[in-house]
1. Contact order normalised by length for the chain, with contacts defined as Cα pairs under 8 Å and 6 or more residues apart; what percent is it?
2. Could you look at the chain and say what percent of its accessible area is carbon and sulfur, using a 1.4 Å probe and all protein chains?
3. Please check which bits of region 156-175 a label hung off Ala270 would reach, taking the label as a point 7 Å along Cα-to-C-beta and the cut-off as backbone N under 19 Å.
4. What FRET efficiency, computed as 1/(1 + (r/R0)^6) with R0 = 22 Å and r the Cβ-Cβ distance, is obtained for Ala109 and Glu144, rounded to the nearest 0.05?
5. Could you please report the charge total around Val136, scoring K, R as +1 and D, E as -1 over all other residues with beta-carbon less than 15 angstrom from its beta-carbon?
6. With every protein chain left in place and a probe of 1.4 Å, what is the accessible surface of Tyr157, to the nearest 10 Å²?
7. If I compute Cα Rg over 2.2 N^0.38 Å from the structure I just sent, which labelled value in (1) 1.00; (2) 1.05; (3) 1.35 lines up?
8. Extension gain Asp174-Ala197, at 0.36 nm per residue separation less the Cα-Cα distance, in nm?
Amino acid sequence: MVVRVRDVVETMLAVYPASLAEEWDTGIGLTCGDPDEVIAAVLLAVDADEATVGEAIRVGAGLLVTHHPLLFRPVQSVNADTAKGALIHRMILSGVAHFAAHTNADSAAGGVNDALAGVLGLTGLHPLVPHSEGSVTGSGRFGELPEPMSLRDFAGYVADRLPATVTGIRAAGDPDRVISTVAVCGGAGDSFLPAAAAAGIDVYLTSDLRHHVVAEFVADPANPAVIDVAHWAGEWPWLALAAAVLEAAHPGLTVTVSATRTDPWTVRAASADR
């Protein structure tokens, strides 16, 4: 069966509706490409950058599907002298369309946060900030671990289940605290710290946390401990779920999940004890 760019876009938006996106999230949907172009393969990645665009071209993908928008903020030009303009020109000239599902994929059932909770083995999942009472959609997820463990062991447990990055896994709180219930938010989730505290869970896992915010939060023993993971690593597990959606809807389409690490941090130097 012939598959066109628009067929994949429609499939993605049926599962990750644009209506679930945050109001400020203007970069979702089809960035470039002909909706009526026939395609044989799709590449899924967290980011659209030189590495993943190059990978899409190498594997013959007519569509690159990413979590992060390529044009996150409105622009007046895609001049090829600019970094993003050059990337768009390269995709168009190579016959690679681009589609992004961002905060709509975060909030949707079976989206980014369900994927992150799933790789951690959490059960009894509920949205951390539901769109409405009883809703299965919303920001973040929380649930229970298969077995309780210390915060120290939980940090190692997370490291074993997420793809490796230079920055690794950081934990804040009493290392011996017993962890049974966990809230997660893929990507930058500091705005949901109050919701994590209100949920009464033992630890909150997210990314891009700041020193003073974390220090003040864990200073209150009533609040959960905190785990900080690399932004890319916390969102990468969703790609497999999205790939399964596309494979089920379009059996003849070749769907590939990129293993290219687009986390921006490339070097870590351990400090000597003094």
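1. Contact order relative to length: 20 percent.
2. Carbon-and-sulfur percentage of accessible area, whole number: 55.
3. Hits in region 156-175 for Ala270 at 19 Å: 156-157, 159-160, 164-171.
4. Computed FRET efficiency for Ala109 and Glu144 comes out at 0.75.
5. Surrounding charge for Val136 is -2.
6. Ignoring ligands and nucleic acids, Tyr157 comes out at about 40 Å².
7. (2)
8. Here the answer is 6.7 nm.
The values are calculated or read from the model by the stated rules, or taken from the named source; none is laboratory data. Given the structure is predicted, the values throughout are model-derived calculations rather than measurements. Quick reminder, even Gly has a Cβ in these numbers, built from the backbone with ideal geometry, and neighbours come from all protein chains shown. Just the protein is used for accessible areas: all its heavy atoms, side chains included, with ligands, DNA and RNA removed. Shrake-Rupley method; radii C 1.70, N 1.55, O 1.52, S 1.80 Å.
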